[in-house]
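The structure under discussion appears below in the form of structure tokens.
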Amino acid sequence: MNQKVLVTAGASGIGLEIVKSFSATDAKVSVCDIDEKGLTALKKQVPDIVINVCDISKRSDIEAMVTYCADTMGGLDVLVNNAGISGPTAPVEEIKPDEWEKVIQVDINGTFNTTRMAIPYLKKSSAGVIINMSSVAGRFGYENRSPYSTAKWGIVGFTKTLSIELGKYGIRANAILPGAVAGARIENVLKGGAEAHHTTVEAERRNALSIQSIKSFVDPEDIAALAVFLASNSAKSISGQIIPIDGDTQKAS
Ligand SMILES: NC(=O)c1ccc[n+]([C@@H]2O[C@H](COP(=O)([O-])OP(=O)(O)OC[C@H]3O[C@@H](n4cnc5c(N)ncnc54)[C@H](O)[C@@H]3O)[C@@H](O)[C@H]2O)c1
């Protein structure tokens, strides 16, 4: 496909899988992250990528990063706004304003600033694509997770607006909403739950999966494959959509 792709926060987690999946096509991929060591390790695995250290909470970092990545690749066709932090777990009245603002700064302002900088490049593409990472927390209210849920609902509104504003330039915008993702993090959560509730990891797993129709957590590789599909020509009529990939999760956990 020869696409020029920028993935934010791609040194680990879902972003890393997205980088690998695009790199496995003919795409040229740029990756930014706050974690310099992680980026250097990734560059060893995937030598053709362009890497750039960037704190997505800092506007000046983003401005330099998007310009550097797009200019180094010779343009930009696909922007994957993957960066997002989950923030504190507490009722609203106990959340420190600084903690609230940090989540909004990374998840919302970071996505806005990256997109704002990328649009002039995407307009020059013959098929520009924006993929924003929301969450199942952008479909439900989540007790004690107000900053994250608010940010992820915000990503949905941003995505739908981008689609309307940019469609006339041939740019599509969609949001991916992953549910609970398989891997070390969820296993630790289950282990912690088992200890706290004096039960077993398997009982915690059954409980966690009881709100899903499909009884398994989401493979990050499948999220990456969805991103590659959404960026492809086969998805040319798909824009402004929020696309859950969550085993048909029925309610907040
Ligand atoms: N993992 C899940 O279960 C899950 C579920 C739904 C949605 N999501 C969303 O998917 C996206 C990726 O999630 P993940 O779990 O893979 O993330 P993660 O917590 O594993 O972090 C991925 C990367 O983000 C980088 N990062 C953190 N703060 C940064 C900053 N200020 N600037 C630049 N990079 C920064 C980290 O260094 C790391 O390499 C996020 O937007 C998240 O909200 C994740």
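Tabulated values for the structure
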{"item": "Dipole of the chain, positive direction: furthest Cα of 177, 51, 161, with charges on the beta-carbon", "result": "161"}
{"item": "Residue-span extension gain [residue 188 to residue 94] - 0.36 nm each, minus C-alpha spacing", "result": "31.3 nm"}
{"item": "Square roots of 5 times each gyration tensor eigenvalue, C-alpha, segment 82-158, largest first, Å", "result": "28, 13, 7"}
{"item": "FRET efficiency for residue 214 and residue 60, using Cβ-Cβ distance with R0 set to 45 Å, rounded to 0.05", "result": "0.60"}
{"item": "Antiparallel bridges, percent of DSSP beta bridges restricted to the chain (to nearest 5)", "result": "5"}
{"item": "Spatial separation of Cα centroids for segment 15-76 and segment 184-245, in angstrom", "result": "25"}
{"item": "Most mobile listed residue (119, 95, 56) in the chain, GNM with C-alpha springs under 10 Å", "result": "95"}
{"item": "Per-pair calculated FRET efficiency, R0 = 35 Å: residue 126 and residue 196 via Cβ, rounded to 0.05", "result": "0.10"}
{"item": "GluC sites (Glu not before Pro) lying in DSSP loop within segment 133-207, provided at most 16 other Cβ fall within 10 Å", "result": "143"}
{"item": "Cubic angstrom per residue, convex hull over Cα atoms of segment 64-114", "result": "76"}
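The numbers here are math on the coordinates, done by the rules we state, and not lab data. Predicted model, so just to flag it, every value in this text is computed and none were measured. Glycine gets a Cβ as well: all are built from the backbone with ideal geometry, and neighbour counts include every protein chain shown.
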